[in-house]
Every structure is written in structure tokens, then in C-alpha cells.
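In what follows, a single structure is set out as C-alpha cells and then discussed.
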Amino acid sequence: MIMQRRLCLKTLAAGFGLALAGQPGRALASGTFTTIPKSLWVWRTPLSESDEVMALVRKYNFRSVFYSIPPGERAQLFSGGKKQTAVIHACRESGIAFYAVSGDPAWSRRGGQIPRAVAELLEFQQRSHLFDGLCLDIEPHALPEWKTGAREQAIRGYLDVLGNIRQASRIIKLPLAAAVVPFFSGIAAPEEAGKSVLESAAGHLDAAIMMAYRSSPGEGLRIAAKAIGQLDAMKKPWWFGVTTNRGANEKISYARTSFVHFGAALLEIDARLESSSPFYRGIAINDYPSLTSILTTSRR
């Protein structure tokens, strides 16, 4: 079954680029943007100013949010700020899972030590039980040493910190997710024969968000095919990530496309993955402000 699934993924990745070719006005015929199972990354938006975020996730039926609470607002949340806690309660009451987000490439340099930002989120969760999960965005490949010969040390540090955060989150029964990149599937993990960095990282997680950032469904699925096969073999739930970031290269981001093209691309991705992987959980869209630009120009 796993081999068949991998072959299916390779086939759809190879031919997927043809699915939307020559169809710039393709209607969202087999479904709508609202019906696609999806999650939303939210950065740099205070909880106290998140009424518009809540309106959007409800309107378009997002199932979960990965919310990075700005550092300046965390103290208010931790002390029981009414506005901050009310937003999280509202999310959960609407059936939207709320994942607190934290991460920094420099954490891979800490010898596995749990960063203060994570420790504080875990302590708050133990008191409040407000979060549905913790989501990490560490990205060790963003470190300069990744390209200067010290990559293995960064990988060790990355896996160590994931493992230690996993132990701490398990104690308080808080699900742990993390963003991962497809090329981790092709790098051997230190001291774990036969395993890739992706497999070692996923071993510490309850779920993964695959950052397969490409503005073409075919390209995104092509670069993610091996990683998806590894996650499926581990029976690990995962989301397929896309980005609408306006500052990213047009080969990576959907920022420069219309809502019709974007919605059609997501429908195609969802249909292909839903039929080929029982561990696929939906599409994770990065990020809130840039997505609003596409949604508000849906008539162009």
C-alpha cells in the first residue's frame, strides 16, 4: 500500500502541472475555497486586534490557526488578559483549533535547551489549558553555518531541541506540530542509520506542516513527493503548506495570482492529496495579511 501511494504521488507530481494549464478562468467547479480543509498561519497580529482574523477564519471555514502571539502581548495573555483569552476561547468555541506558534533558527545552537519562549507557553498551558497544540517553526537551514560546513551540528541541535520540547509537551498532554521542509527527506540524520532528518524530526511530532512552497501545484507536489512518502510510512498526520507572501519570489508564492487561480490550485492539490494519503489533513496557508490581498481582489 505504501509503495502504491508513493507511485501515485510521483505520478501526480509529474503530470500535475498540466491540470491548470490553459485554464485561467477555470471555475471552482468541484468545490469551493470554503470547503477545502485548511489552516492559517498568523504572524505579527496581536490577539487584541484579531477581530478581522476571526471573521476571516469563520467565513472561509478554516479548521485551525497557527498563531504567533507577538512577544509584547504574551505578558498580557499570561496574566489572564480578557481580550487575549477571549479570542482563543472564541476560536475553540467555533470549532477552530488554536496552535500557539514559536520558533527561531538560533534554537538549533542551544544544545537542546528549551527556549524561554517555549517554556513560558508550556507553563501557561499547564495553568490555562487554552491551546489545542504548540507549533514550532525553527528552520535550522536558515542559519549561515548550514551553508558553511557546519550543517551537521545545526541538525543535531535542531533534533535535540525538538526532542526536549516533545518531552515537555507530552507531560502536559499538549500536541506538538512543526513546520518542516521537503529537502529534509533527502538528508541523512546523524546517529540514526537509515533515517532522514525529516523522519527523525517527525518522530518527535504529533503532526508536521510540509512547507512545499511553490506557486505551481505540480512543482509543489513534485518537491514534496519523497517527504510525503516518508511521513505516510510513519503514519504521521501532515498539512501541505503554500504561501501567499508578497515578499517571496513568484516561483514560490501565490501572491501575484487571482483568487480564481489560487482557489483552483488549492482545490486541485486537495483533491490529489486527499485521494492518495490517509494522513493528509489539509492545506496550511502562510499567511493572514497576504491572503487577505488575494481574497479582497477576488473579482480581478
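Would you mind finding the one in S185, S200, S196, S169 that is within 24 Å of E274 (Cα to Cα) and modelled with pLDDT of 95 or more?
Values: S200 fails: within 24 Å of E274 (Cα to Cα); S196 fails: within 24 Å of E274 (Cα to Cα); S169 fails: within 24 Å of E274 (Cα to Cα).
One residue alone meets the criteria, S185.
Only one of L198, L159 is of a type outside the set (S, T, N, Q) and open to solvent by 10 Å² or more (accessible area, probe 1.4 Å). Can you tell me which?
Working: L198 fails: open to solvent by 10 Å² or more (accessible area, probe 1.4 Å).
The match here is L159.
Give just the number: which of (1) open to solvent by less than 50 Å² (accessible area, probe 1.4 Å); (2) closer than 26 Å to S102 by Cβ does S215 not satisfy?
(2)
Within segment 109-123, track down each residue that is open to solvent by 10 Å² or more (accessible area, probe 1.4 Å) and either of a type in the set (S, T, N, Q) or assigned to a helix (DSSP H, G or I) (or both). Even if it seems obvious, please write down each step before you answer.
Within segment 109-123, the subset open to solvent by 10 Å² or more (accessible area, probe 1.4 Å) is 109-111, 113-114, 116-117, 119-120, 122-123.
Across segment 109-123, the qualifying residues are R109, Q113, R116, A117, A119, E120, L122, E123.
Conditions first: (1) more than 24 Å from A179 (Cα to Cα); (2) in contact with a helix residue (DSSP H, G or I) (Cβ under 7 Å, 6 or more places away or on another chain). I69 passes all but one, so which condition is the exception?
Checking I69 against (1) more than 24 Å from A179 (Cα to Cα); (2) in contact with a helix residue (DSSP H, G or I) (Cβ under 7 Å, 6 or more places away or on another chain), the one that fails is (1).
Could you tell me whether any residue of segment 243-256 is surrounded by 20 or more Cβ atoms within 10 Å (Cβ to Cβ), closer than 30 Å to K195 by Cα and out of contact with any Lys or Arg (no Cβ under 8 Å at 6 or more places or on another chain)?
So in segment 243-256, the residues surrounded by 20 or more Cβ atoms within 10 Å (Cβ to Cβ) come out as 243-244, 253-254.
From what's left, closer than 30 Å to K195 by Cα: 243.
Remaining after also requiring out of contact with any Lys or Arg (no Cβ under 8 Å at 6 or more places or on another chain): 243.
Looking for residues that are surrounded by 20 or more Cβ atoms within 10 Å (Cβ to Cβ), closer than 30 Å to K195 by Cα and out of contact with any Lys or Arg (no Cβ under 8 Å at 6 or more places or on another chain), one finds at least one in segment 243-256, hence yes.
Examine segment 129-151 for a residue that is farther than 26 Å from S185 by Cα, touching a residue at least 40 places away in the same chain (Cβ under 8 Å) and open to solvent by less than 20 Å² (accessible area, probe 1.4 Å), and state whether such a residue exists. Break it down stepwise before answering.
If we filter segment 129-151 for residues that are farther than 26 Å from S185 by Cα, which is where we start, we get 129-132.
Applying the additional criterion that residues be touching a residue at least 40 places away in the same chain (Cβ under 8 Å) yields 130-132.
Still in the running and open to solvent by less than 20 Å² (accessible area, probe 1.4 Å): 130-131.
The answer is yes, given that some residue of segment 129-151 is farther than 26 Å from S185 by Cα, touching a residue at least 40 places away in the same chain (Cβ under 8 Å) and open to solvent by less than 20 Å² (accessible area, probe 1.4 Å).
Of a type in the set (K, R), assigned to a loop (DSSP other than H, G, I, E, B) and either more than 21 Å from W239 (Cβ to Cβ) or open to solvent by less than 70 Å² (accessible area, probe 1.4 Å) (or both) - does that describe any residue in segment 82-103? Steps first, please.
First, the residues of segment 82-103 that are of a type in the set (K, R): 82-83, 92.
Restricting the remaining residues to those that are assigned to a loop (DSSP other than H, G, I, E, B) gives none.
Within segment 82-103 (the criterion being of a type in the set (K, R), assigned to a loop (DSSP other than H, G, I, E, B) and either more than 21 Å from W239 (Cβ to Cβ) or open to solvent by less than 70 Å² (accessible area, probe 1.4 Å) (or both)), the answer is no, since none of the residues qualifies.
Filter segment 69-81 for residues that are buried (at least 19 other Cβ atoms within 10 Å of the Cβ) and either touching a residue at least 40 places away in the same chain (Cβ under 8 Å) or polar (S, T, N, Q) (or both); which is farthest from H129 (Cα to Cα)? Quick ask: steps written out before the conclusion?
Our first condition is that a residue be buried (at least 19 other Cβ atoms within 10 Å of the Cβ); within segment 69-81, this holds for 69, 74, 77.
Cutting the leftovers down to either touching a residue at least 40 places away in the same chain (Cβ under 8 Å) or polar (S, T, N, Q) (or both) gives us 74, 77.
Values: R74: 15, L77: 13 Å.
By that ranking, first place goes to R74.
Pick from V101, V87, V118: which is at pLDDT 95 or above, touching a helix residue (DSSP H, G or I) at 6+ places or on another chain (Cβ under 8 Å) and of a type in the set (V, I, T)?
Values: V101 fails: touching a helix residue (DSSP H, G or I) at 6+ places or on another chain (Cβ under 8 Å); V87 fails: at pLDDT 95 or above.
Going through V101, V87, V118 in turn, the sole match is V118.
The values are calculated or read from the model by the stated rules, or taken from the named source; none is laboratory data. As the structure is a prediction and not an experimental result, all values here were calculated from the model. Ideal geometry is used to build each Cβ from the backbone, glycine not excepted, and the neighbour counts take in all protein chains shown. The area values use the complete protein model at the heavy-atom level, side chains included, leaving out ligands, DNA and RNA. Shrake-Rupley method; radii C 1.70, N 1.55, O 1.52, S 1.80 Å.
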